[in-house]
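Inspection log for the structure reproduced underneath, given as structure tokens.
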């Protein structure tokens, strides 16, 4: 029988399974199952996934909340005064804005302290990507994405945008400082 | 039964071709490889830009080339070719006439107009939104319109294929079950219906949004439904290319799978 001709018998599938074919079916099935169970496994035990806590919010309301934190806790500025460096108290809610084409403001967080990091977009979709630790989250306008963070390594981190957001996408780079609290 | 002068036997493969169907297979396959060529040239531009030593294109043309590359390679080339495969697997393998060649031509015309329209929209420079075109980043309305026309054309092609299966059954041009390769093509066509429906469900409102009839499209809803289209369009390819492997093995090497 050829693959391009109708099978010789109408009921063609009732025939003994060849050992090699059976082996391949078993291998393929096992691999499918491994791949399938890796998804929930990695979601629960992998260190890159965020819990997916999110709320609806308007860009204006989110901006107002971010502005409030910035007004209260700015310690200095960078980039010709364009980027406030904000050092909020441990345990507080902090707000990071993604917009064309910047992450605003710069947060300075204490190591081993917990913060509620809210991220939202003012315009189009952006991708929050903390480097070099590679923690990623898609950011959409109208949604407040919340991540409870407890930084465990001090240093300077880059936040890059990893969802295409127009002509300035590759220039959308922000920063985050994690400092040792003494 | 259709006139026998409408058929010819291929001297190399011995397969029987319905002439109107053969012409349609040729035009679809040729359109496919033309888009493959365009997409391939764009791939070269993308690669030469990503190569730091060359860094060929400035940002705006790079994003433009990348958007067109994605659509030409992942949608236009593949689906044009799959329509050719569908017609081959139905009318040639089942040795029957193609159902409604005129509708098939209409489908081809819509696909071609749609694919060209979207490419022109990207070329004009205000639709560099990537293949995913996530809202609310806007493209020109004709960008979405081209995709919708292409999808409608592809849908017509799928139904011409289904119709041809019905014709073959009704006119008893084969006995028993359909060949394995036709079965693979049928699988691809069924997935294609789901794919195209998902594409329509999200791209038609997006088109209406781009011309101002709808004020808001939820970005998460867009992303979810868009990927019902995006992922399953790749599953069409999987089903179709497995079918094509079997077809090539059988036609070129006379292989017998079972």
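A few points about this structure:
- Matching strands (runs of 3 or more DSSP E) fully within the range A:131-182 where at least 1 residues are buried (at least 19 other Cβ atoms within 10 Å of the Cβ) and within 14 Å of another protein chain (Cβ to nearest Cβ): A:135-139, A:143-149, A:155-161
- Tally, over the range B:184-243, of residues that are in contact (Cβ under 8 Å) with a residue 60 or more places away in the chain, surrounded by 19 or more Cβ atoms within 10 Å (Cβ to Cβ) and farther than 16 Å from residue B:154 by Cα: 9
- Any hit, the range A:13-35, residues being closer than 23 Å to residue A:130 by Cα and surrounded by 11 or more Cβ atoms within 10 Å (Cβ to Cβ): no
- Given (1) over 30 Å from residue B:89 (Cβ atoms); (2) in a loop (DSSP other than H, G, I, E, B); (3) without any contact (Cβ under 8 Å) to a residue 12 or more places away in the chain, index of the condition residue A:36 fails: (2)
- Taken over the range A:84-93, the residue count meeting the criterion of being in contact (Cβ under 8 Å) with a residue 24 or more places away in the chain and either part of a loop (DSSP other than H, G, I, E, B) or surrounded by 15 or more Cβ atoms within 10 Å (Cβ to Cβ) (or both) is 5.
- Residue B:164 within 14 Å of chain A (Cβ to nearest Cβ), under 23 Å from residue A:7 (Cβ atoms), at pLDDT 95 or above and surrounded by 23 or more Cβ atoms within 10 Å (Cβ to Cβ): no
- Any hit, the range B:190-206, residues being at negative phi, touching a helix residue (DSSP H, G or I) at 6+ places or on another chain (Cβ under 6 Å) and within 14 Å of chain A (Cβ to nearest Cβ): yes
- Among the residues of the range A:128-143, those identified as under 20 Å from residue A:56 (Cα atoms) and more than 11 Å from the chain's Cα centre (by Cα) are A:140, A:141, A:142, A:143.
- All conditions but one from (1) within 22 Å of residue B:143 (Cβ to Cβ); (2) within 13 Å of chain A (Cβ to nearest Cβ); (3) in contact with a helix residue (DSSP H, G or I) (Cβ under 6 Å, 6 or more places away or on another chain) apply to residue B:255; the one that does not is (1).
- Hey, residue A:119 within 13 Å of chain B (Cβ to nearest Cβ), touching a strand residue (DSSP E or B) at 6+ places or on another chain (Cβ under 6 Å) and crowded, with 19+ Cβ neighbours inside 10 Å or not: no
- Residue match in the range A:113-122 (condition: under 16 Å from residue A:161 (Cβ atoms), at pLDDT 95 or above and outside any strand (DSSP E or B)): yes
- Any chance residue A:23 is more than 12 Å from every other protein chain (Cβ to nearest Cβ), outside any loop (DSSP other than H, G, I, E, B), closer than 30 Å to residue A:51 by Cβ and without any contact (Cβ under 8 Å) to a residue 24 or more places away in the chain: no
- Residue in the range A:68-82 that is touching a residue at least 60 places away in the same chain (Cβ under 8 Å) and either out of contact with any strand residue (DSSP E or B) (no Cβ under 8 Å at 6 or more places or on another chain) or outside any strand (DSSP E or B) (or both) present: no
- Residue B:147 being buried (at least 24 other Cβ atoms within 10 Å of the Cβ) and in contact with a strand residue (DSSP E or B) (Cβ under 7 Å, 6 or more places away or on another chain): no
- Of the set (1) within 14 Å of chain A (Cβ to nearest Cβ); (2) surrounded by fewer than 17 Cβ atoms within 10 Å (Cβ to Cβ); (3) under 19 Å from residue B:233 (Cβ atoms), all apply to residue B:169 but (3).
The values are calculated or read from the model by the stated rules, or taken from the named source; none is laboratory data. What you see is a predicted model, and the numbers here were worked out from it, not measured in a lab. Virtual Cβ from ideal backbone geometry, glycine too; neighbours counted across all protein chains shown.
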